[in-house]
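One structure below.
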Amino acid sequence: MSSNINHSQQDFDKARKLLPGGVNSPVRAFKSVGGTPRFFASASGSHVKDVDGNDYIDYVGSWGPMILGHAHPDVVKGVQETAALGMSFGAPCELEIELAELVIDMVPSIEVIRFVNSGTEATMSALRLARGFTGRDKFIKFDGGYHGHADGFLVKAGSGAATFGEPDSAGVPADYAKLTLTAPFNDIEAVKNLFAENKGEIACIIVEPVPGNTGVMDLMSNGFLQQLRDICDAEGALLIFDEVMCGFRVAAGGAQERFGIMPDLTCLGKIIGGGLPVGAYGGREEIMRKISPDGPVYQAGTLSGNPLAMRAGLETLSRLRAPDFYAELERKTTRLVEGLLDGCKAAGVPAVANQVGAMFTVFFTELDAVTCCSDVSKHCDLAFFGRFFNAMLDEGVYLAPSQYEAAFMSAAHSDEDITRTIAAAERALEKLTS
Ligand code: KE4
């Protein structure tokens, strides 16, 4: 089913004259999968509609935030009511207190929290705080780990940086980048070596406890996350969980609740704002009291704690604690993943999948398992992924336009959506292999 996308094409032609790559975030440009990015006109529940009127079952969900589904009536109503009372004050408001109380109650390790406006701001601020708290400058991240686009993180970064083969961005001073140390996921010996080679100089390890920016990875099965907790304790470094993507996604309290491993600092984003720009970082009180104006680590933001965003976050997070919310989300995700893998098997297409809760990635590979970034870059058929992505788009299914990304289930996805998605994949795979 090929759809008419003339209006999207016209929009893209116009946008490319005005915006770098015609987009405001690189991965949206479809560069790694080819084809024309769809310009969306509206979204509701589990579906999005483009400017040509084509409808898609959406598994991107704005890259995670839309866990309740698009345009949830209670979230929309809350934002409308709040907007009528003033869009922004640049001063404290009670909604900040309410959302802080809710997040602190939901996320086990957070005692004190600071709201910002994006995941990038959250991780950038948490890194500065870790450096300020420990007095150390270096830090460890992982190959393919993505923590937003602050300079120090654009070293062997995942997500769009890996997608376009630019894991080390231009414009990041070499003297600054050398403070970023990297290791492969699931390789504790490499981490131990970094600590041995940089004794007393490493402020923190930052890790996505469920990586989703080199495709979804599993760091729990072989105890890697606990090993990171232990080595940070032994070396006097902080452990930062970047839960911007997996927070509120794999459990109400995030990966730290699901796995029972407590970081020193947590970064949050995406779902916390219910689709409006919110990020946050938080953790142990003794660390967070180092943040200005309590302490010497400066961080600020004009729109931080914005009432609209706070209300959208409150209306979203408060619905995640409904009975069986995550069990149902995971049931649907598992059904979809199994259906997609069955379709690949029937079509003779080698594939494996990594799934944690309601986030997953299907990898087109001969490998039995994908456990690190180089497994993706060296052993996955990225070209086939691009063809599959576009074939699914023609079938009315919207997946993330990169093998280095995750797919997300929402509470709004129906079993009928999943049945249709599996059938669409069977047709797409048939087309690609005949
Ligand atoms: P933002 O600055 O995009 O709000 O958050 C950065 C960030 C930080 N940490 C993690 C674990 C993240 O996944 C992200 C952002 N995720 C990407 C998707 N892979 C956002 C999509 C995009 O870049 O357009």
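Points to keep in mind about this one:
This table checks each residue for (1) under 21 Å from the mean Cα position of the chain (by Cα); (2) not polar (S, T, N, Q).
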| site | (1), (2) |
| --- | --- |
| F12 | no, yes |
| K17 | no, yes |
| V27 | yes, yes |
| G35 | no, yes |
| S46 | yes, no |
| N54 | no, no |
| D58 | yes, yes |
| G61 | yes, yes |
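- Condition check for P209: touching a Gly at 6+ places or on another chain (Cβ under 9 Å), closer than 24 Å to V362 by Cβ and surrounded by fewer than 24 Cβ atoms within 10 Å (Cβ to Cβ): no
- Within the range 307-326, being basic (K, R) and over 14 Å from A100 (Cα atoms) holds for R319, R321.
- The residue list G171, G148, G165 contains one member that is open to solvent by less than 40 Å² (accessible area, probe 1.4 Å), of a type outside the set (A, V, I, L, M) and part of a loop (DSSP other than H, G, I, E, B), which is G148.
- In the set D13, D50, only one residue is more than 16 Å from the ligand (Cβ to nearest atom) and surrounded by 17 or more Cβ atoms within 10 Å (Cβ to Cβ); that residue is D50.
- Whichever residue in the range 338-359 is open to solvent by less than 10 Å² (accessible area, probe 1.4 Å) and either touching a Gly at 6+ places or on another chain (Cβ under 7 Å) or not small (G, A, S) (or both) and, among such residues, is farthest from P65 (Cα to Cα): C344
- Where G90 falls short, out of the listed (1) open to solvent by 50 Å² or more (accessible area, probe 1.4 Å); (2) outside any loop (DSSP other than H, G, I, E, B); (3) more than 16 Å from the ligand (Cβ to nearest atom): (2)
- Residue in the range 66-85 that is within 16 Å of the ligand (Cβ to nearest atom), within 21 Å of the chain's Cα centre (by Cα), open to solvent by less than 40 Å² (accessible area, probe 1.4 Å) and at pLDDT 95 or above present: yes
- Considering residues of the range 16-38 that are among the charged types (D, E, K, R) and touching a residue at least 12 places away in the same chain (Cβ under 8 Å) only, the residue nearest to the ligand (Cβ to nearest atom): R28
- Members of the range 354-379 found to be over 18 Å from V60 (Cβ atoms) and either free of Cβ contacts under 8 Å to residues at least 60 places away in the same chain or among the hydroxyl-bearing types (S, T, Y) (or both), listed by number: F364, T365, E366, L367, D368, A369, T371, S374, D375, S377, K378, H379
Conditions (1) within 16 Å of the ligand (Cβ to nearest atom); (2) within 23 Å of the chain's Cα centre (by Cα); (3) open to solvent by 10 Å² or more (accessible area, probe 1.4 Å); (4) among the aromatic types (F, W, Y), marked per residue:
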{"residue": "A190", "(1), (2), (3), (4)": "no, no, yes, no"}
{"residue": "A196", "(1), (2), (3), (4)": "no, no, yes, no"}
{"residue": "K199", "(1), (2), (3), (4)": "no, no, yes, no"}
{"residue": "A203", "(1), (2), (3), (4)": "no, no, no, no"}
{"residue": "V216", "(1), (2), (3), (4)": "yes, yes, no, no"}
{"residue": "L225", "(1), (2), (3), (4)": "yes, yes, no, no"}
{"residue": "C232", "(1), (2), (3), (4)": "no, no, no, no"}
{"residue": "C246", "(1), (2), (3), (4)": "yes, yes, no, no"}
{"residue": "R249", "(1), (2), (3), (4)": "yes, yes, no, no"}
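- Checking the stated criteria, G144 turns out to be within 16 Å of the ligand (Cβ to nearest atom) and modelled with pLDDT under 95.
- Which numbered condition L341 fails, given (1) more than 30 Å from D375 (Cβ to Cβ); (2) assigned to a helix (DSSP H, G or I): (1)
- Residues of the range 256-280 classified as away from the ligand (no atom under 11 Å from the Cβ), more than 27 Å from K77 (Cβ to Cβ) and touching a residue at least 12 places away in the same chain (Cβ under 8 Å), total: 10
The values are calculated or read from the model by the stated rules, or taken from the named source; none is laboratory data. Because the structure is a prediction, the values reported are computed rather than measured. Quick reminder, even Gly has a Cβ in these numbers, built from the backbone with ideal geometry, and neighbours come from all protein chains shown. The protein model used for the area step is the full one, side chains on, heavy atoms only, and it has no ligands, DNA or RNA in it. Shrake-Rupley method; radii C 1.70, N 1.55, O 1.52, S 1.80 Å.
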